[in-house]
Structures are given as structure tokens and as C-alpha cells.
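Sharing a structure below in C-alpha cells format, with a few things to ask.
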Amino acid sequence: MTAIRIYEAALCCDTGVCGVDVDEALVTITADVRRLQELGVDISRHNLANDPVAFTTDETVRGFMHTVGSKGLPLTIADGVTIAAGGYPTRELLLEVAGVGAPPPAPDGRTELGLSGAASSGCCGGSGCC
């Protein structure tokens, strides 16, 4: 199975729902990643703020960071091959790369982001950074 890794700039929260401004790209990629994980796809995200080691252990990412720097993030790699840089890939591209056909619709027509769980454990859970 293809391993897909998404390397992101330093983020306060991975959901995009933080503070008064909502980053729609983060909301979309959060939902897409969770949906693909539900389908059994080996996909994960690495945030430069809380997972910097991941950026140093992957040779492709390390080279990207030396050449482009963090301003070129997010970077998406599938089995060592860059499939997107400077923006998040679409769900359709992720499904294609993962070798998964068109996903069945979500059971109730929507994908839960699990924001209540993230809010209680993340920086938006009351530490005051947002």
C-alpha cells in the first residue's frame, strides 16, 4: 500500500478552526485525510511545530527544506515521490495515488472533523494561544 505523508508548516491546530479566521484548506484536508484513513489508506500529516523530527528523517523532505524552505509547505509525498507542493492535494488525487477508487459517500453525507476531541487536547483547548 502506498504511504502518503503530508508535511505542513508550523500550525497551531491541524483543523483550521482556530481563532476567528477559518482556513478552509485546512478544514478540507483534515476531512480528506480522515476519510482516507477510514478507507484504510496509510496517510498521515506532520506539523513542523510539533513533529520536526519527521522533517529530518525523510530524505526527500530534508532536501526540499534545504532548497525551498518552510515557505514551500505543505509538501505531500507518496512513497518518496512528491505529488504536491505549496498547496494541499485534492481528495481525488489522494485517492488516485493511494489506488483507492471513488469513495463511497460518508454515511450521513458529511465527515466529522472530531473538533471536540482536538479542542480538548490541542492548543485551542484553553491554553490561550488561539
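The values are calculated or read from the model by the stated rules, or taken from the named source; none is laboratory data. Worth saying up front: this structure is predicted, and the values here are computed from it rather than measured. Positions of Cβ are generated from backbone atoms using ideal geometry, with glycine treated the same way; all protein chains shown enter the neighbour counts. Accessible surface areas use protein heavy atoms only, side chains included; no ligands, DNA or RNA. Shrake-Rupley method; radii C 1.70, N 1.55, O 1.52, S 1.80 Å.
Pop out the carbon and sulfur fraction of the accessible area of segment 4-98 as a percent, whole number, probe 1.4 Å. Provide the component values of the computation, followed by the final result.
Values: 2460 of 4720 Å².
Carbon and sulfur together cover 52 percent of it.
Using 0.36 nm times the number of residues separating Ala85 and Ala9, minus their current alpha carbon distance, what extension gain do you get? All intermediate terms of the calculation are to be shown ahead of the outcome.
Values: separation 76, 0.36 × 76 = 27.36 nm, distance 1.16 nm.
Stretched out fully, the Ala85 to Ala9 stretch lengthens by 26.2 nm.
Another question, then. How high is the FRET efficiency between Ala49 and Met1 when r is their beta carbon distance and R₀ equals 30 Å, given to the nearest 0.05? Don't skip to the answer; put the middle values down first.
Working: r = 28 Å, r/R0 = 0.94.
Between Ala49 and Met1 the formula returns 0.60.
In addition: Which of the three applies to segment 4-98, rounded, prolate or oblate, going by the alpha-carbon gyration tensor with a ≥ b ≥ c and a/c under 1.5 meaning rounded? Write down the numbers at each step before the final one.
Details: a/c = 1.71, a/b = 1.09, b/c = 1.57.
It comes out oblate by the Cα gyration axes.
Give the accessible surface of segment 4-98 per residue, rounded to a whole number of Å², with probe radius 1.4 Å and ligands, DNA and RNA excluded.
On the way: 4720 Å² over 95 residues.
For segment 4-98, the solvent-accessible area averages 50 Å² per residue.
Next question, about the same structure. Note down the nm distance, to one decimal, between modelled labels 7 Å out along Cα→Cβ at Ala25 and at Glu92.
With each label point 7 Å from Cα toward Cβ, the separation is 1.9 nm.
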